[in-house]
Structure formats: structure tokens, C-alpha cells
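Contents: one structure, followed by commentary.
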Amino acid sequence: MKEYDGIDSYDNNRSSVVTIGTFDGVHLGHKAILDHLVTTAKQNRMDSVLLTFFPHPRMVLQQDFQIKLINTIAERKEHLEKTGLDHLVIHPFTMAFSRLNASDFVRDFLVNRLHAKKIIIGYDHRFGRNRNATIEDLKEYGITYGFEVIEIGVQQMNEVAVSSTKIRNALQDGDIEKANSYLGYPFMLSGSVIEGRGIGKTLDFPTANLQVDEEYKLIPAMGVYIVRSEIDGQTVYGLTNIGINPTVGGSKKTIETYFLDFDKNIYHQKIRLEFIKRIREEKQFASVEDLRSAIKKDELFARAFLEHHE
């Protein structure tokens with residue numbers, strides 16, 4: 001898969017089959033569209049192209065609306081790489097771009113740059129300035145410029161019944177298993193291990209504190225989760241607490257992981273946490289001893305769960 005930072009850097013002259021969208025999450029619904037895209041391109045001896053955007057349009061158009069994304073841009077690329085896509089064009093979404101009218105977008109982006117001969121798009125797709133152009137408008141442009149519009153109908157979309165919004169809602173509710181079932185893979189957080197307050201060590205449960213650099217990345221609901229990670233070529237499991245640690249006087253939200261059967265120093269390493277199951281909400285316990293006891297129960301639960309599910 002070749003990547004391009006914007007439409008102007010796309011330098012391929014072959015005819016293409018194109019789809020357009022933000023594709024946050026690269027979930028099962030997206031994969032159905034992308035499978036159709038890749039298959040159609042191969043059948044017609046054309047190249048498959050995804051035109052996507054970053055930042056997310058709502059980040060630019062509704063700056064007071066703090067949308068959080070399922071994937072960082074790096075994670076999105078990684079998942080798209082696995083689909084068999086030929087070309088990924090990530091075009092910067094700006095206020096100037098948002099004002100581009102539909103006819104200029106079709107002519108300059110889809111026809112002149114991407115050499116689109118077929119465009120695969122959802123029945124409810126809207127585009128152009130103020131999103132005022134519909135799929136029927138796109139079909140009219142297709143007659144003018146000689147490309148076919150392949151519509152993904154309401155029935156096909158409903159069969160998958162997955163949306164990025166549903167996944168975001170599940171994550172914000174802490175329902176990691178529902179989110180994962182929609183994604184088709186475990187939700188993940190990536191970042192650097194930083195030094196924390198050292199509270200875990202005093203409880204006999206030393207933790208790795210994860211710092212997620214991308215402010216737009218969605219963090220799941222506070223609570224205790226079973227996670228999986230790959231560290232120095234070794235698969236390790238752990239308990240991740242997302243929260244403020246109220247029992248020990250915490251006030252700032254942290255992401256702390258106690259890894260099972262693992263005691264290497266991994267400060268300043270980049271790691272990824274794959275979320276498997278939420279065990280419980282974060283609680284304020286009456287004493288530090290009660291907190292230690294609860295973590296021990298969490299560990300026993302996690303070990304029993306992993307024995308039967310991993």
C-alpha cells in the first residue's frame with residue numbers, strides 16, 4: 001500500500017476504483033466496503049484508492065465539539081495496510097478545503113488526480129461545501145466525466161450494523177467487548193511508559209504508566225481492564241486501571257498497568273495495550289489494605305479468565 005500526504009502528491013496515472021471517508025476505527029463495516037473496493041479493482045484491472053482526511057472534519061468545523069477518535073492516524077494506516085488496498089491518500093482537512101464546492105472536488109480530486117472510473121460509496125454519502133451534494137449528484141457527475149457510481153445500499157449497510165459512533169459510545173461506557181466485536185480486533189492504546197508516583201510498588205503491584213501523546217485519541221471509561229501487550233518480543237498480560245486513584249489521594253487521570261509474570265524495567269519504552277475485558281469500575285476503598293485486596297482479586301479473576309479465553 002502506497003501512502004500519500006495529500007492529493008497533490010498522488011502521482012499514479014492508472015485508472016482507479018475509489019472510495020471516500022474518514023474510516024475511523026477501520027471496523028467491520030469499513031472492511032466490508034474496502035473488501036468490495038479491492039475486489040472490484042482487481043476484477044477490472046484497476047488500482048484501489050481510499051481518499052481519507054485528517055484531521056477529522058468535526059475537529060475543524062466544530063472546534064467546540066471535542067470528538068475523540070478510535071484510532072490515531074498511525075493506527076488507522078496500520079489497519080488499512082491489512083486490507084489489500086493499493087493507495088491511501090490522506091488529505092489535510094482544512095477550512096479552505098471544506099469550502100470547495102462539489103463540482104470542483106469531483107473534477108480536481110476524483111477525475112483529474114485519482115483517475116476514478118468507479119466510485120464505491122454509501123447511499124447516504126454527502127460531500128462538497130456544506131455537504132450539500134448527494135449520491136444522486138455524484139451519479140450526474142459520473143455521466144459528465146465517465147465514471148460509474150457503485151452504491152452501497154441501505155440493506156447492505158444495515159446488515160453490518162456497525163458505525164464509528166456506536167463503537168465510541170461502547171468505549172465511553174466501558175463495554176470493551178461490544179466495541180471489540182464491532183471493530184473485529186481489540187481496541188488499543190499506544191504510548192510511552194513514563195514515571196509515575198510509585199504507588200503501585202508500595203502495594204506490591206508495580207505499574208507501568210502509559211502516556212498517550214495524541215490528545216484526540218479516545219480513552220475508554222474509567223475502570224480496571226484485562227489487557228495484552230507485546231514487549232521485547234514477549235506476549236504479556238496485565239491489569240490496566242484507568243482513573244484517578246482516589247484511595248491514595250490521586251486527582252489526575254492516569255493509565256497504569258500491572259503486568260502479570262513480568263518485571264522488566266520498561267521506562268521510556270513505547271508499548272501498546274490491547275484491551276480484552278473490563279473487570280470493574282474504579283472505586284474508592286476505605287483503606288490501602290482494602291485496595292491491595294481488591295487488586296489481588298482482580299488478578300485472580302484475570303488469570304482465571306485468561307486460562308479459558310486466550
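The values are calculated or read from the model by the stated rules, or taken from the named source; none is laboratory data. Small disclaimer: the values here were computed from a predicted structure and weren't measured. Positions of Cβ are generated from backbone atoms using ideal geometry, with glycine treated the same way; all protein chains shown enter the neighbour counts.
The number of residues in the range 224-270 being of a type in the set (A, V, I, L, M), modelled with pLDDT under 95 and under 24 Å from the mean Cα position of the chain (by Cα) comes to 1.
Among the residues of the range 279-302, those that are surrounded by fewer than 17 Cβ atoms within 10 Å (Cβ to Cβ) and part of a loop (DSSP other than H, G, I, E, B) comprise 281, 283, 284, 285, 286, 287.
Taking the range 17-58 as the range and being assigned to a strand (DSSP E or B), aromatic (Phe, Trp, Tyr) and touching a residue at least 40 places away in the same chain (Cβ under 8 Å) as the test, only 53 passes.
Here residue 221 meets the list (1) at pLDDT 90 or above; (2) under 27 Å from residue 34 (Cβ atoms); (3) not in a strand (DSSP E or B) almost entirely, failing just condition (2).
One residue alone among 111, 149, 106, 89 is in contact (Cβ under 8 Å) with a residue 60 or more places away in the chain and either under 21 Å from residue 26 (Cβ atoms) or surrounded by 14 or more Cβ atoms within 10 Å (Cβ to Cβ) (or both), and that residue is 89. Scan the range 250-278 for residues that are under 11 Å from residue 222 (Cα atoms) and surrounded by 16 or more Cβ atoms within 10 Å (Cβ to Cβ) and jot them down. Within the range 250-278, 254, 255, 278 meet the criteria.
Count of the range 236-261 residues, restricted to those that are within 15 Å of residue 226 (Cα to Cα) and not acidic (Asp, Glu), is 13. For the range 59-102, the set of residues classified as within 23 Å of residue 37 (Cα to Cα), more than 14 Å from the chain's Cα centre (by Cα) and not in a loop (DSSP other than H, G, I, E, B) consists of 87, 88, 89, 90, 91, 92, 102, listed by residue number.
As for the range 122-140, it holds no residue that is more than 19 Å from residue 23 (Cα to Cα), free of Cβ contacts under 8 Å to residues at least 24 places away in the same chain and in contact with an Asp or Glu (Cβ under 8 Å, 6 or more places away or on another chain). The residues on offer are 41, 74, and the sole one that is surrounded by fewer than 20 Cβ atoms within 10 Å (Cβ to Cβ) and out of contact with any Pro (no Cβ under 8 Å at 6 or more places or on another chain) is 74.
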